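Below is one structure; the comments refer to it alone.
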Amino acid sequence: MARFKQLIFLGFVATGALAGCASSTSAERDGQAGRGRAPGEAIRPERAGGEDVTEQDANGDGRPDVWTYTVDGRKVRQELDLNWDGRVDLTRYFDANGDKVRESLDLDFDGRVDATYFYEKGVNTRRERDTNGDGLPDSFTYYEAGKLVRKERDTRGTGRIDYWEYWENGQVDRIGEDLDGDGTVDKWTRNPNNTARE
């Protein structure tokens, strides 16, 4: 029965992680992409000195699916093989208090990070995603108190943000676009149906 519960748990983790990927500061700041991680970061980092690892076979196929890394008994990282192909798909990082601070996901199963979620006190505050496969994040989503507040994108692949969406009460309030590539908004479009402003 315990093995069944582990499989159900991993199924929920995989569903939540992959579903979340299927999809306040000024917009006119220098929007350099790649703020949260190194380009082409490996989903499975090198094992650091002093780390102990515990392996777990969650699906009973005789191969580990979960690797938990500790330093002096404190969990610092956890790696999960969500599709049971023997390779890491999700890596979680923990702070000194044991709180999750970051999750990195390999969505195309190439061993590289495609999306990263950042957490503060257990709440998702930012998501970054590499949508064009160049190893650098080009889509950024920001949350406050668990609610979506802003999306930013580098739509041209220049490393500079050129598209902004500001959200209020679950809907787009306004969209900013950089039409000439200088990193500042040239055109604002407001949502005429935004009931949040009334």
- Query: Looking at the stretch 111-121, is at least one residue of a type outside the set (Val, Ile, Thr), farther than 18 Å from residue 80 by Cβ and open to solvent by 60 Å² or more (accessible area, probe 1.4 Å)?
  - Reply: yes
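Hey, could you check the stretch 176-188 for residues that are farther than 14 Å from residue 154 by Cα and not aromatic (Phe, Trp, Tyr) and say which is least open to solvent (accessible area, probe 1.4 Å)?
That would be 186.
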- Do we have any residue at all in the stretch 189-197 that's closer than 30 Å to residue 91 by Cα and either open to solvent by 70 Å² or more (accessible area, probe 1.4 Å) or small (Gly, Ala, Ser) (or both)? no
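I'd like to verify a number: residues in the stretch 90-109 that are on the phi < 0 side of the Ramachandran plot and open to solvent by 10 Å² or more (accessible area, probe 1.4 Å), how many? Give the derivation first.
Taking the stretch 90-109 first, the residues on the phi < 0 side of the Ramachandran plot are 90-97, 99-108.
Within this subset, residues satisfying the condition of being open to solvent by 10 Å² or more (accessible area, probe 1.4 Å) are 92-97, 99-103, 107-108.
Of the residues in the stretch 90-109, 13 are on the phi < 0 side of the Ramachandran plot and open to solvent by 10 Å² or more (accessible area, probe 1.4 Å).
The values are calculated or read from the model by the stated rules, or taken from the named source; none is laboratory data. Owing to the predicted nature of the structure, the values given are computational and were not obtained by experimental measurement. FYI the Cβ positions are ideal-geometry reconstructions off the backbone, even for glycines, and counts take in every protein chain you see. These accessible areas exclude ligands, DNA and RNA; they are computed on the full protein's heavy atoms, side chains included. Shrake-Rupley method; radii C 1.70, N 1.55, O 1.52, S 1.80 Å.
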